[in-house]
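Written below as structure tokens is the structure these notes are about.
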Amino acid sequence: MENNQIELGDGDDSSGSLSYHDISDHEDDSSELSDDEQINNIDDVPVPEEDNTEGENLVGDHLYLGAMEEVRGRTLLDEDSIVEMPVVVQDGLICVPGQILPLTISHPHIIAMMRQVIEGNHIFGILSFRPFEPHINNAKYKIGATAEIYEYGEEAEGFESGFGFRIKARIRQRIKIIQARRQIDGIIIARVQILPEMEVSDSLYCCRSYSIDKHRLSPATSSDISLASLLSKKRIYDLQYKIPYSIWPSWVHRSYDLQFVAQRVLLELRTSIFVDVGSGSIVPRNPIDLSYWVIQNLPLDDDLRLQLLSINNPNQRLRAELSVLQRCEFLCCRECDYAVARQTDVFAMSKEGPQGVYVNPFGHVHETVTVHRVDGLSVTTPPSTEFSWFPGYAWSIVECSYCHSHMGWLFTANDRHLQPARFWGLCRRSLKPRLKANDENEFVVVV
């Protein structure tokens, strides 16, 4: 009943590299930030008022899929555990924890598999590459994610109601494929490892002054991240980093302070490109969730996205993302490299952020970045409201004016009271970011 069994080795993942942001650039406590910009902890980053909350919630709920039934319960698998689960391959779709994944399914064997998953623990795996392809031996291509079904709908008649079996799933945890086999019905069953979040403990815990433990707001622990959120950063550095019990300067310890690195990422989002005035409240405050939110909303190529997801340490992941954030300038056509949008044109039309995952009636999944303005794109079809991802908007297909490759859609409001009156949804797979030249040393990612 089973064949095509394949054992996957660790492989050699030395083909790509990431540039890590050098926190040492901010060696002085206040060298980069003015008094008004000094932030005591990650929860103090200002959050602008949201002016389109209702519309964003409607988009994030994927109402175009029609009425669906709720699946109750939640399952989180133990980190580092080895489990078997059915997996679904979505070519070119690299899922990130926290993401919403809508799917429409017409293949009867996959529908039967999904029904079994719904009756069980609601968990299945999602991969961007087929595990039997030769390049899967490269470690980064073995990275996938678990998806937990929380709503489903049976096959419905009529184009407007949806097409085929429909599900909504939330991406929960990263996985690494160990072994995969294909059953006689074509379903892939994989043996996977649940990848852990390996947080670094307080670097000054062992060399602290034990005599002042009784004066601390909370007992010192080996993972003292909660203390960092209670005390101001300046107070932490005055009490700990300036005490000469360590041979390393303060900026070295700050480089491994998860809360401090997360604060730098939030400041970069607030002051530069991806977070518009009306979308600040959708950014997570938890550093681990923040690291995944940035990956989800950066229009990166597949290799770089997989590299970031293969990093088990959230501090290391955030530092790499900070470097990419500071170097992004333009979004370009993947085929001809023409700059079609600026990073400052990106905005959020969904509660998930500027980039979301959407599905059409035929099962094709698209990751779409919403932007205010574009350059060098041509509209090729008249507006249509059928199966529109954005309630109240009609869509038209757009292509690159220079190489004529598909770039996404123009969405125009049917109601003059809707804001914005029009915007563009660009396919992530049709884009590539143009990065500023990096003068810093580059380090190969170690996973």
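The values are calculated or read from the model by the stated rules, or taken from the named source; none is laboratory data. Bear in mind that the values here come from a model prediction, so they are computed numbers and not experimental data. All Cβ positions, even for glycine, are placed from backbone atoms using ideal geometry, and neighbour counts span all protein chains on display.
Give the residues of the stretch 306-338 that are part of a helix (DSSP H, G or I), among the basic types (Lys, Arg) and surrounded by fewer than 22 Cβ atoms within 10 Å (Cβ to Cβ), sorted by residue number.
Of everything in the stretch 306-338, just one residue is part of a helix (DSSP H, G or I), among the basic types (Lys, Arg) and surrounded by fewer than 22 Cβ atoms within 10 Å (Cβ to Cβ), namely 327.
Does residue 318 qualify as being modelled with pLDDT of 80 or more and over 17 Å from residue 433 (Cβ atoms)?
Yes: the conditions hold for residue 318.
Can you pull out every residue in the stretch 154-178 that is at pLDDT 90 or above and not basic (Lys, Arg)?
167, 169, 171, 173, 175, 177, 178
Being outside any loop (DSSP other than H, G, I, E, B), over 17 Å from residue 428 (Cα atoms) and at pLDDT below 90 is the filter here; which residues of the stretch 339-394 pass it? Step through it out loud before you land on a result.
Restricting attention to the stretch 339-394, the residues satisfying the condition of being outside any loop (DSSP other than H, G, I, E, B) are 339-346, 355-359, 365-371, 377-379, 384, 393-394.
From what is left, the residues that are over 17 Å from residue 428 (Cα atoms) are 378-379, 384, 393-394.
If the condition is that a residue be outside any loop (DSSP other than H, G, I, E, B), over 17 Å from residue 428 (Cα atoms) and at pLDDT below 90, then no residue fits.
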